1. Check every DSSP H run in the chain and write down those whose alpha carbon atoms cover 20 angstrom or more along the long axis and whose mean Kyte-Doolittle hydropathy is 0.0 or greater.
2. With label points built 7 Å along Cα→Cβ from the Cα atoms of Ala21 and Ala57, find their separation and express it in nm.
3. Assuming 0.36 nm per residue, please report the length gained on full extension of the stretch Thr112 to Arg73 beyond their Cα-Cα distance.
4. Which lysines, on any chain, are close to Lys120 with Cα under 26 Å apart, when same-chain ones fewer than 8 places away are left out?
5. Identify which of Ala87, Ala134, Ala28 has the largest mean-square fluctuation in a Gaussian network model of the chain, with springs joining Cα atoms closer than 10 Å.
6. Please order Arg30, Arg35, Arg140, Arg71 by the number of other Cβ within 10 Å, starting at the fewest.
7. Based on Cβ point charges of +1 for Lys and Arg and -1 for Asp and Glu, what charge dipole magnitude is obtained for the stretch 25-143 about its Cα centre, in debye rounded to the nearest 20?
8. Can you put Ile52, Ile38 in order of Cβ neighbours within 10 angstrom, beginning with the fewest?
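Nothing in this text is a laboratory measurement; each read-out follows from the coordinates by a stated rule. Remember, it's a predicted structure, so these values are computed and weren't measured experimentally. Glycine also receives a Cβ, built like all others from the backbone with ideal geometry; neighbour counts cover every protein chain displayed.
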Amino acid sequence: MARIAAIIVLALVSVATPAVAEDSREVAVRTAPQRGFILNQMRLFLGSVQVIVSALAEGDMKAVAEQAAARGRKGTPLSAIPPGMKANETPAWLAMMGGARAGFDDIAASATDPSATPLKLMGMLGDTMKNCVACHQAYRFAVE
């Protein structure tokens, strides 16, 4: 009887569980250190976004400028980039990454302008985040 109940439960679960769609994003093949570096960069971006949003809510433009600059083009020293990583980057990948970093640079510069408002900077952050969303929609990692 218990076996029949287990079979019925499994049948119901399989019917009630939606099929998982195949992940059709482009595979970005990286070495384990490259993947780790990129994932860490994404966590840094997300952490900075959180600090920027909180700082904008408090009107702390100095914190906004500091966090945005840390994620801009000069935020990661070239020596920190794992060997061979640049050779794996496609033009589309570079455009999204460059767009995100340039956006953070623009936010950092605007945050030092006395006429900048938190609303304007929040809009700039939203535009910058479009690069992040596009990248996550386009790519998934595989380790070589």
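1. Going by DSSP H runs, the hits are 2-16, 32-58, 91-111, 118-138.
2. In this crude spin-label approximation the distance works out to 3.1 nm.
3. Once the chain is fully extended between Thr112 and Arg73, it gains 12.3 nm.
4. Answer for Lys120, where 26 Å is the Cα cut-off: Lys62, Lys74, Lys130, listed by chain and number.
5. With Cα springs under 10 Å in the chain, the top fluctuation among Ala87, Ala134, Ala28 is at Ala87.
6. Arg140, Arg35, Arg30, Arg71
7. With only Lys, Arg, Asp and Glu charged at Cβ, the dipole is about 480 debye.
8. Fewest to most other Cβ atoms nearby, the residues stand as Ile38, Ile52.
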